[in-house]
Amino acid sequence: MIKISHLYKSLNRELVLKDIDLTINDSEIWVILGQSGVGKSVLLQHMIGLFHPDQGAIEINGLRLDHLTAQQWLDLRRTMGYLFQEGALYDFMTVFENVAFPLQEHTALSVLEIKAKAENILQLVGLEGVERKYPAQLSGGMRKRVALARAVILDSKILFCDEPTSGLDPILSRDISNLIRDISRHFRTTTVIASHDIANAFRIADKVAILKDGQVVAQGTPQEVRASQNDFVREFIH
Amino acid sequence: MQKIDLFFFYRQTFLIIAQKLSGFGRALYFFADVCSLGLKGKIRLSELMKQIYEQGMQSVVVVALTSAATGIVLALQGYMMLERFGAKEKVASLVALSLVRELSPVFTSLIFSGKAGARVTAELGAMSVNNQITATKVMGVDPLEFLVLPRMLACVLVLPILVVFSQVIGIMGGYLVAVFQADIPGSFYIHQTLRSINYVDFLSGFIKTFFFAILIGWVCCYQGYYTKGGSIGVGHYTTRAVAFAYIFVVLSNTVLTKIILTFWG
Ligand SMILES: Nc1ncnc2c1ncn2[C@@H]1O[C@H](COP(=O)(O)OP(=O)(O)OP(=O)(O)O)[C@@H](O)[C@H]1O
Ligand SMILES: [Mg+2]
């Protein structure tokens, strides 16, 4: 469970996040929606410790992030996957090496086991026969798939996705969104997605939160949010 | 009015100095972090080998050409000048000592900054702006250990080898001039060369090289690691890293030369 309480954050003297309260239960898929620049990425990066709150706290599985020791962070990070907006794959490694990297770093599996596992996960994200290619030789959509495979290969319990569909055409956006949903269900991960792709968000989410001016103006199941009386929310989603 | 302007001026100056100092502090911190990882033995051999190969291979041809040309020019000029004093057989010592003590370490370091150093900054810079460094952290791997240490260590290992290589090639260039132009017997030239270089000469060149290597590795890795601002930023930080490396090599060379000459004459 991820519990964010009264989170405030200023960047460059500007209040980016104001009094954020969210409780994300295990195995739920959350989509955080909002206009560009509203602070979705910053919020997501707080949950993996790349930003620290000015006020308020974040708890993951009952552990407050600001109280973690280096070792606890390492252990926690091994259970989390983060899908970066542009993939952030190593471009000096092949697709296979990229996907196998977390296994090599954090498990004691043999070369053969790693190979089997990496091939298995590449198959799961619908990529076969590109193991030996480099990220620069792939299309944007394929890179996202590889990055997704890398993010969940350690059987991640929590998956963060930053703008998984930005820069993709509508059909690919739909495919990637479905893939994230299927992967989340398959691994029973808790998934938090930052996005401004409203249609796909409402299709795959268990819960939706809408940010405006650094605040959560609506949250709940897709039906609850659709029924919201907030003017901004109504305008934003229709 | 005057007073306010002056206050503003002091304040700005103070802020700029404070900013530079904090930048320097961060660079020191960075260096200390990387060194402590190295001392703890967290060295990834396969990454290190790859870096050594790439950095070495990239610079070796330019270093060879420059060194050969330098040796030839030194010998040509030296032979002309020394002949006026009837001391043309001293040309071997002139070439050897100039190369070993001064020219090879400095020229090779400058070339190395422009080739391997620029490569290191550009690589790390591109990784930084594409979030690969952040992704490394998020995957629970220390980017200093995985990405920076192998590059910095490779600089420190490769540059001295390149310098020795440059010394040998330069002396060979001088040899060609001596034999084919100055009619000095080859065996005499080699004998003279070996006799004129003692270990102090070699060591003083080597100490300098070692310092330069650390400076280049440090500056180039640091600039790359903290690159911001997309592809424009990569270009900006890379040229900056190379310019800093040049300045540091040239300036520290004067200081080191003075120190070494004071103690070793
Ligand atoms: N590292 C940073 N340092 C300073 N300010 C930042 C940093 N990252 C983001 N910001 C600022 O925080 C605000 C929110 O940015 P953020 O990237 O979270 O928006 P976003 O909702 O993810 O937008 P998008 O949909 O375009 O990705 C912006 O005003 C941005 O300028
Ligand atoms: Mg964003």
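The values are calculated or read from the model by the stated rules, or taken from the named source; none is laboratory data. This one's a predicted model, so the numbers in the text were calculated from it and none came from an experiment. Ideal geometry is used to build each Cβ from the backbone, glycine not excepted, and the neighbour counts take in all protein chains shown.
Quick check on my filter: what residues within region B:124-148 are at the interface with another protein chain (Cβ under 8 Å from one of its Cβ atoms) and in contact with a Phe, Trp or Tyr (Cβ under 9 Å, 6 or more places away or on another chain)?
Here is the first cut: in region B:124-148, the ones at the interface with another protein chain (Cβ under 8 Å from one of its Cβ atoms) are B:126-127, B:130-132, B:134-135, B:137-141.
Within region B:124-148, B:127, B:130, B:131, B:132, B:134, B:135, B:138, B:139, B:140, B:141 qualify.
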query: Going by the conditions given, is residue B:174 buried (at least 17 other Cβ atoms within 10 Å of the Cβ), at pLDDT below 95 and more than 14 Å from chain A (Cβ to nearest Cβ)?
result: yes
- prompt: What number of residues within region B:224-265 satisfy the criterion of being among the polar types (S, T, N, Q), crowded, with 16+ Cβ neighbours inside 10 Å and closer than 15 Å to residue B:115 by Cα?
  reply: 1
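Can you tell me how many residues in region A:19-72 are within 16 Å of ligand 2 (Cβ to nearest atom) and among the β-branched types (Val, Ile, Thr)?
The first filter runs over region A:19-72 and keeps only residues within 16 Å of ligand 2 (Cβ to nearest atom), leaving A:20, A:30-48, A:50-51.
From what's left, among the β-branched types (Val, Ile, Thr): A:20, A:31-32, A:38, A:42, A:48.
Selection size over region A:19-72: 6.
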- prompt: Only one of (1) within 13 Å of chain B (Cβ to nearest Cβ); (2) in contact with a helix residue (DSSP H, G or I) (Cβ under 9 Å, 6 or more places away or on another chain); (3) surrounded by fewer than 18 Cβ atoms within 10 Å (Cβ to Cβ) fails for residue A:57. Which number is that?
  reply: (1)
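Can you tell me which of A:103, A:33 is crowded, with 18+ Cβ neighbours inside 10 Å, at pLDDT 90 or above and within 16 Å of ligand 1 (Cβ to nearest atom)? Steps first, please.
Values: A:103 fails: within 16 Å of ligand 1 (Cβ to nearest atom).
Going through A:103, A:33 in turn, the sole match is A:33.
Here is a list: A:234, A:181, A:145. Which entry is away from chain B (no Cβ under 14 Å), closer than 24 Å to residue A:20 by Cα and either outside any strand (DSSP E or B) or more than 16 Å from ligand 1 (Cβ to nearest atom) (or both)?
Working: A:181 fails: closer than 24 Å to residue A:20 by Cα; A:145 fails: closer than 24 Å to residue A:20 by Cα.
None of the other options fit; the residue is A:234.
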- prompt: Which condition number in (1) surrounded by fewer than 21 Cβ atoms within 10 Å (Cβ to Cβ); (2) away from chain B (no Cβ under 14 Å); (3) away from ligand 2 (no atom under 16 Å from the Cβ) is the one that residue A:4 fails?
  reply: (1)
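Does residue A:47 meet the test of being away from ligand 1 (no atom under 12 Å from the Cβ), within 14 Å of chain B (Cβ to nearest Cβ) and in contact (Cβ under 8 Å) with a residue 12 or more places away in the chain?
Spelling it out, residue A:47 is indeed away from ligand 1 (no atom under 12 Å from the Cβ), within 14 Å of chain B (Cβ to nearest Cβ) and in contact (Cβ under 8 Å) with a residue 12 or more places away in the chain.
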task: Answer yes or no as to whether residue A:200 is of a type in the set (S, T, N, Q), loosely packed, with under 14 Cβ neighbours inside 10 Å and in a helix (DSSP H, G or I).
output: no
query: Does at least one position in region A:163-171 carry a residue that is modelled with pLDDT of 90 or more, within 16 Å of ligand 1 (Cβ to nearest atom), within 14 Å of another protein chain (Cβ to nearest Cβ) and touching a helix residue (DSSP H, G or I) at 6+ places or on another chain (Cβ under 6 Å)?
result: no
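Within region A:77-97, take every residue that is polar (S, T, N, Q) and at the interface with chain B (Cβ under 10 Å from one of its Cβ atoms) and give me the one that is farthest from residue A:131 (Cα to Cα). Don't jump to the end; show me each part of the working.
The initial filter retains those residues of region A:77-97 that are polar (S, T, N, Q), namely A:79, A:85, A:94.
So of that shortlist, the ones also at the interface with chain B (Cβ under 10 Å from one of its Cβ atoms) come out as A:79, A:85.
On the way: A:79: 24, A:85: 21 Å.
Checked region A:77-97; the qualifying residue farthest from residue A:131 (Cα to Cα) is A:79.
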- request: Of the conditions (1) under 17 Å from the mean Cα position of the chain (by Cα); (2) in a loop (DSSP other than H, G, I, E, B); (3) hydrophobic (A, V, I, L, M, F, W, C), residue A:92 clears all except one; give me its number.
  value: (1)
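Filter region B:59-89 down to the residues that are of a type outside the set (A, V, I, L, M, F, W, C) and buried (at least 16 other Cβ atoms within 10 Å of the Cβ) and list them by number.
Kept after step one, since they are of a type outside the set (A, V, I, L, M, F, W, C), are these residues of region B:59-89: B:59, B:66-67, B:70-71, B:77-79, B:83-84, B:86, B:88-89.
Those that are of a type outside the set (A, V, I, L, M, F, W, C) and buried (at least 16 other Cβ atoms within 10 Å of the Cβ): B:59, B:66, B:67, B:70, B:71, B:78, B:79, B:88, B:89.
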message: Could you go through region B:32-47 and let me know if any residue there is closer than 30 Å to residue B:173 by Cβ and of a type in the set (A, V, I, L, M).
response: no
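Residue-wise test of (1) touching a residue at least 60 places away in the same chain (Cβ under 8 Å); (2) under 24 Å from residue A:238 (Cβ atoms); (3) surrounded by fewer than 19 Cβ atoms within 10 Å (Cβ to Cβ).
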{"position": "A:171", "(1), (2), (3)": "no, yes, yes"}
{"position": "A:177", "(1), (2), (3)": "no, yes, no"}
{"position": "A:184", "(1), (2), (3)": "yes, no, no"}
{"position": "A:188", "(1), (2), (3)": "yes, no, yes"}
{"position": "A:191", "(1), (2), (3)": "yes, no, no"}
{"position": "A:195", "(1), (2), (3)": "yes, yes, no"}
{"position": "A:208", "(1), (2), (3)": "yes, yes, no"}
{"position": "A:211", "(1), (2), (3)": "yes, yes, no"}
{"position": "A:214", "(1), (2), (3)": "yes, yes, no"}
- line: Going through (1) touching a residue at least 24 places away in the same chain (Cβ under 8 Å); (2) of a type outside the set (A, V, I, L, M); (3) more than 12 Å from chain B (Cβ to nearest Cβ); (4) not in a helix (DSSP H, G or I) one by one, residue A:156 fails only at (3)
